Each structure stands twice: as structure tokens, then as C-alpha cells.
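For reference, the structure is listed below as C-alpha cells.
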Amino acid sequence: MSSDQFVLAAVAAGLLATQSAVAGSVSTGFGTEDGFVTGPVNGAAAAPGAFEDVVVSDGTLEVTFSGGQQQQAFDGPSYEQGPSAYLLVNTGPGAAVFTGASGNTITGGANNGDQTGSISFNTGVTEVSFFATNRANGPAATLDIFDIGGDLLLEDFVIDSGAIADQQFSFNSVDLGGLIGEITFDLPGPNANAPYVLAIDTFSATAVPTPSAIGAGLAGLALLSGRRRRG
């Protein structure tokens, strides 16, 4: 390989690494177009996929939502914008009922949700924001945030209920001291006063370019610059 070919190959590799390092960004309002399946109401049987994990991706960043169910036009205060949101529903061991503002219900048994839920990322992210509100009985839900290695960054952050303007939450890696790898949610119970419900809407996350990829891109560009100066 000639010196010119070597330089071109290095620059191409550097530019490719830099392009692959472009920060990923994912946002969702939990609509069916993003792969969410509306959960059952009023005792109906669950549709296939209603309680399965959902992955939303921009091709680089992948965000996995687990332990909840999507509901449309079910409970107005659960939505920042509507018509859909992601609900973590804990109806306890029995047949407790959560009645939405529409009058429709989510019951125990086959329609039971989970005491916990999570949002996880395939790579570390720098910022996460979402609307969330506590929508049923018991004390407020809490969340924990972990880094990409599973170490705890934030513990027992409280999400209660309130006006929409008060329920906007944003977390960033600078304040937390590490890139965000997972957010877990804990609903109180299942004890005496089910149901317990946490609603999440208008979610967005941004991933960080990896330092190694940025370095590779800069190295390639520096090599080209040096080559030009010598020429």
C-alpha cells in the first residue's frame, strides 16, 4: 500500500468511526407505531404482546421498556399529551381494580402488571427525560438509576402525583456522575391497598459518542492534516 493509500485508508476509518459515534437519540409517546400493544381493559383477555418488552431504536441507541403496559385514552391524568402512555400497574395478588378517568378498568388476574418496571439502554446515555405521575393508591413510586456497569447512581427518587407541569423529570450523566444504563421503578406493595400505578409519557433519551470512536476519527483527520503539511 502506498503512503497516499495508507493516508486515505486511515482517514476513511477515522471518519467512519466518527460517524458511528454520532449521539443516538430516541423519543416516544408510547404509540402503537413504536411497537407498543395496548393492554386489556374491563377484564378482557390480553392481546399478544401486551405485556412483552418493547424496544424503541433509532438504529444506534436502543431503549427497552419492561414490566408495563401501554394504554390509550384510558386515564387522562396519565398522559402529558395523549393519547397513550406506559403504565406500570401493580394490582396485588388478588383482583384489585384500577379505574381510569375514562371509566374503563384494569383488574387483577390475567391483567395484572408488575410491582417493578425498568427502562434500559444498550449503551450509556447522557440525558433522559420523561413525564411521570403516581396514579393510584399507596405512597409514591420511586426510581433508581444505574450506570452501564450496574453501579447505583441515584436511589429512591420519589415520583408522586401533581399538576402536569410538576411531573416533568430530567436526569443527566454529569449530575449523576456516570452514564445512565438503566432506570428501575418500584411500586409500593403488593400489600393491603392495591392497586398501585405509575404512568410514564413523552420519553426521550440521548446517547453519548464513545471516546474511542471520537479519538479514532480525530487521529485520522490529524494524519491527513500532517500529510498535507508535508506535501
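The numbers here are math on the coordinates, done by the rules we state, and not lab data. No experiment lies behind these values; they were computed from the predicted model shown. Glycine gets a Cβ as well: all are built from the backbone with ideal geometry, and neighbour counts include every protein chain shown.
Can you give the charge dipole size of the range 25-98 about its Cα centre, rounded to the nearest 20 debye, using +1 on the beta carbon of Lys and Arg and -1 on the beta carbon of Asp and Glu? Each step should come with its number before you reach the end.
Values: 0 positive and 8 negative charges, 57 e Å.
Charge dipole of the range 25-98: 280 debye, to the nearest 20.
What net charge do the residues around Thr206 carry, taking every other residue with its C-beta under 15 Å from that of Thr206, with Lys and Arg at +1 and Asp and Glu at -1? Write out the running numbers ahead of the final one.
On the way: positive: none; negative: Asp58, Glu62, Glu127, Asp175.
Charge balance in the 15 Å sphere: -4.
Work out, step by step, the length gained on full extension between Val158 and Thr64: first 0.36 nm times the residue separation, then minus their alpha carbon distance; give nm to one decimal.
In short, 31.7 nm is gained.
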